[in-house]
4 protein chains.
Amino acid sequence: MPKQIAVGDQILLCSPDRKTFLITVATDRTFSTHHGQLLHNDMIGKLYGEIVHSSTGQPYVMLDPTLEDRMMKVKRLTQIIYPKDAGLILIKTGIGSGMRVVECGAGSGASTLALAHAVAPNGRVYVYDREERFLRNAQANIERAGYGHLVEFKVRDVVEGFDERDVDVVLLDLPSPWEGVEAATRALRGGGRLASILPTYNQVERLVEALEAAGFVMIETLEVLLRHILARPGKTRPFERMIGHTGFLIFGRKALWPSP
Amino acid sequence: MPKQIAVGDQILLCSPDRKTFLITVATDRTFSTHHGQLLHNDMIGKLYGEIVHSSTGQPYVMLDPTLEDRMMKVKRLTQIIYPKDAGLILIKTGIGSGMRVVECGAGSGASTLALAHAVAPNGRVYVYDREERFLRNAQANIERAGYGHLVEFKVRDVVEGFDERDVDVVLLDLPSPWEGVEAATRALRGGGRLASILPTYNQVERLVEALEAAGFVMIETLEVLLRHILARPGKTRPFERMIGHTGFLIFGRKALWPSP
Amino acid sequence: MPKQIAVGDQILLCSPDRKTFLITVATDRTFSTHHGQLLHNDMIGKLYGEIVHSSTGQPYVMLDPTLEDRMMKVKRLTQIIYPKDAGLILIKTGIGSGMRVVECGAGSGASTLALAHAVAPNGRVYVYDREERFLRNAQANIERAGYGHLVEFKVRDVVEGFDERDVDVVLLDLPSPWEGVEAATRALRGGGRLASILPTYNQVERLVEALEAAGFVMIETLEVLLRHILARPGKTRPFERMIGHTGFLIFGRKALWPSP
Amino acid sequence: MPKQIAVGDQILLCSPDRKTFLITVATDRTFSTHHGQLLHNDMIGKLYGEIVHSSTGQPYVMLDPTLEDRMMKVKRLTQIIYPKDAGLILIKTGIGSGMRVVECGAGSGASTLALAHAVAPNGRVYVYDREERFLRNAQANIERAGYGHLVEFKVRDVVEGFDERDVDVVLLDLPSPWEGVEAATRALRGGGRLASILPTYNQVERLVEALEAAGFVMIETLEVLLRHILARPGKTRPFERMIGHTGFLIFGRKALWPSP
């Protein structure tokens, strides 16, 4: 049955000019836009998809935020992993319901949201970062989005290793992920997947070398270019600006080679 | 605890020259490769990630197939939705554990695998196709991959509508998806997402027009270009060939506009 | 023998922080930058490639402007044809020394610069535009760049036709280039090339249809994506932003089909 | 006045199914195609753009080859520089009529054709290669295309330097172009441009470092991605396959820094 909007819900407001705002609904509060005020009380008890009008009469659509909305609206202390890249990470690593995943470092928690979303309702994500400040910001972002029960946070440097064993996937989001290959190898089960995202080709080369030395197989490096299309009757074309680069994505799988 | 390979398991064999084979393990069977024979009996009871040797002594790594492996290895009667596109569909629609999703048509079931994987363990995917032949092939592919319990299959044309109401997502993988916008609108809950993939600009334009007429919001059209990088110490470069186009991805969300 | 910088020369100044400025050298003038003043008198008599210092001691390199520099620095009243697209137009149409080329419309003259540069020293470019204002701005840009002797300018709408016959190339830079196909066909010699640039795929489709109807052969549509790479020791990567779209390029060649 | 096809001309034949063939016209010769025979005698005296029929009645259009046609049809002993890349090299270096250009190495002469075409009728291209075999093949390709009078060929390794001074442009098409930076710097006039094309990131990084050390300014690295569009009424889309990578293009300009 369709869910009614309630106090405490995070909702995505979509303006007639296609701007979006992620707000938490509270009694007797107002939200100011470039179209005047919206009253939270007008939203409570409505259905997702319904309309609320601003004080100047503009219709705003009330939507339940998607994973992507939540990822793009995290409070950022760092560069985030973008949805285009997170989508490929999910598909290539095959993260799914019930899996156990290690992530290091935390970033701002955008990728953690994607991982937690994918392992729900009964998997688990273990997030490591040596910077307590980043870890706490990521944690606050995860909890605000309602995924806190799926994630554990630990302040630790990657070279000290991870506590978990036989995990399905390790995501290394570090400037020097080769420093984490040993820890990842110990934490992964046989056939488990490692993923990483890196801005420069130099880092890619060094990580791929470390993965080969550690016996990983099916090592691949990819880059996702996303093109937005402006579709309008009789005048459709790609947008004039695009993101030219976020990062290279590196994948590998752990093999259990016999000891020499 | 690491899982042992058992009779009936689908496993992915990875050769030393990076070829992959998806096989179902059976007693007393052999698998022929360009490196000679592999004995299934040598695989049974081993751990995922371990090695089996061919009759010529070549090491093959035994891996549990990822979602992507399964998608790429479906028996194809049609063009499939590629992992790069399925990844973005998952992220943009926010499909997750427990959701209810309608897909029309079935294709060869590659995208159905991704949807079923994402709604597991307790969501549901309803797949419609007017061609029984395609539907049954997709169904066989889904069941072979172990996702059959999450999916229902119905032979029906999109213009006859869907049985479900208040679903979270509708994926239209049809040459004329505008014919399915009415059915999708009735099936979706408020705030529910529609996604489609189309090869030509002309189809994009026509679908976007239909979505706007039906009151959808946050309509977007995107294209994913995937670039493979050949990462080798001292000589890293993009691959010389790439897929130039699979399809444009179109997204929208259902608003509950008041009746006039 | 290396040329000395003289009064009246256009020179490109390149700052230590990689900004560029196109100036015309004049006696007793100063040029103001974010690094203080540069004295024109310091430049006169120097060699191209030499350094002039600003009042704050910053070194500016004095360069002779390339075709691209001139194209990017035209006074713009319209969108220009970018160097990446002009380069492909030159190569695909094979415009060279001594050829005769018709261009319609004038834009801001950026593409005219490329055409004039390519037909020098003894070819000719005929530029048509129905808007005198645009034509005169283009003309001023061409003359300022020193290509005026190679180009004729005519105020006229494309549907009234071109005066020239047996030209080698016609470039149609119009929103409705199909209106110019008849004029272009009459102006071109057998085997002559037509080129056009258009932002939307709808326009492309319509032009290609008109070219096919007019008997053109080797019709092709292309798009150039240009990626800038930030090359630095140990941390090389593509730039984070890029131009996602300027226009589609359409090419065809005139065949002399026998009259029916 | 339109030129008639004569014995000895190179002409491009375009078949009804869009295949192209570059042939040299000779008396009493036949040319075999998948549509039967074409008689050279039927071509002699015709105009470019006119039609010749095969023995099975298929119409072939006789065209004068463009620069691109000639580049793509050189006899290849090596990888060639593609037209998309040559176009950008011409635009970025501003090579034009009357300029003097050094190229090292020769490749198969495809880029030499573009350079010779651009400096015509009174410029000059000096081509160096340490492999006589490649140099002679390039030379034969250049002469066959009618550009021989504009080009000189010299067997020599780049580290031995070039004979020319004050040239406008140096194009280094070598696996180790940093070995040619010193020779290029000596050969270039102040403000002269250097260009290079390299397949790997590692080579780019090393060349850029060498150019910076040698005092070059306006150093840029670029990559051209070319997308072919299949434009058809009602079903226009990008082609499904594309070239993913040819090379990175590196550009710089020589500054005359004062001696320390």
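General remarks:
- Neighbours of B:Ala6 by Cβ distance under 13 Å: Lys/Arg scored +1, Asp/Glu scored -1, total 0.
- Rel. contact order, % - alpha carbon contacts under 8 angstrom, at least six apart, region B:10-63: 35 percent
- Shape box of chain A [Cα atoms, principal axes, largest first, Å]: 74, 45, 35
- Cleavage-rule hits, trypsin sites (Lys or Arg not before Pro), region D:15-70, DSSP coil, Cβ neighbours within 10 Å at most 11: D:Arg18
- Number of partner chain Cβ atoms within 10 Å, mean per residue of D:15-26: 1
- Listed pairs C:Lys92/D:Lys73; A:Lys19/C:Lys235; B:Lys84/C:Lys84; A:Lys92/D:Lys235; A:Lys19/A:Lys92; C:Lys19/D:Lys254 exceeding 24 Å between Cα atoms: A:Lys19/C:Lys235; B:Lys84/C:Lys84; A:Lys92/D:Lys235; A:Lys19/A:Lys92
- Separation between Cα centres of region A:187-260 and region C:26-53, rounded to whole Å: 49 Å
- Counting, for every residue in B:43-49, the Cβ atoms of other protein chains within 10 Å of its Cβ and taking the mean gives 4.
- Highest-first arrangement of A:132-145, A:166-179, where packing means the average Cβ count within 10 Å: A:166-179, A:132-145
- In terms of its C-alpha gyration tensor, region C:78-188 comes out rounded, because the ratio a/c of the largest to the smallest axis stays below 1.5.
- Take the Cβ atoms of B:Asn41 and B:Arg232, set R0 to 51 Å, and the FRET efficiency comes out at 0.85.
- Normalised contact order of region C:138-260, rounded percent, pairs of Cα under 8 Å and 6 or more residues apart: 25 percent
- Other copies of A:Thr27: label-to-label distances in nm, shortest first, labels 7 Å along the beta-carbon direction: 6.8, 8.5, 10.6
- Partner aspartates and glutamates for D:Lys46 [C-alpha distance under 15 Å; skip if fewer than 8 residues away on the same chain]: D:Asp9, D:Asp64
- 45 Å tail of the calculated P(r), the protein assembly as shown, as % of Cα pairs: 42 percent
- Chain B Cβ-axis minimum, rotational copy C, residue and distance in Å: B:Tyr201, 2
- Exposure proxy for A:Leu113, C:Leu211: other Cβ atoms within 10 Å of each Cβ, ordered fewest to most, give C:Leu211, A:Leu113.
- Other protein chain C-beta atoms within 10 Å of residue C-beta, averaged over B:161-171: 1.
- Once the Cα gyration tensor of region C:220-260 is diagonalised, semi-axes √(5λ) in Å: 42, 11, 4
- Note on region A:1-55: the alpha carbon radius of gyration divided by the globular reference 2.2 N^0.38 Å gives 1.05.
- Electrostatic tally near D:Glu240: other residues with Cβ closer than 12 Å to its Cβ, Lys and Arg +1, Asp and Glu -1, net +4.
- Global form of region A:6-156, assessed from the alpha-carbon gyration tensor, a/c cut-off 1.5: prolate
- Only aspartates and glutamates eight or more places from B:Lys154 in sequence, or on another chain, were considered; those with a Cα closer than 20 Å are B:Glu103, B:Asp129, B:Glu131, B:Glu132, B:Glu143, B:Asp163, B:Glu164, B:Asp166, B:Asp168, B:Asp173, B:Glu179, B:Glu182.
- Cα gyration tensor, region C:123-260 - rounded (a/c under 1.5), prolate or oblate: oblate
- Here nothing in chain A passes the span test, since no DSSP H helix has an alpha carbon length of 30 Å or more along the helix axis and a Kyte-Doolittle mean of 1.0 or above.
- Take B:Arg241, move 7 Å from Cα toward the beta carbon, and the resulting point lies 0.6, 3.7, 3.7 nm from the same point in each other copy, nearest first.
- Averaging over all projection directions, the Cα-based convex hull of region A:181-259 occupies 7.1 nm² in the image plane.
- Ascending count of other beta-carbon atoms within 10 Å, so fewest first, for C:Ile80, A:Ile44: A:Ile44, C:Ile80
Taken together, the values in this text are just the output of simple stated rules run on the coordinates, not laboratory data. Since this is a predicted model, take the numbers as computed values, not measurements. Every residue, glycine among them, receives a Cβ derived from its backbone with ideal geometry; neighbour counts consider all protein chains shown.
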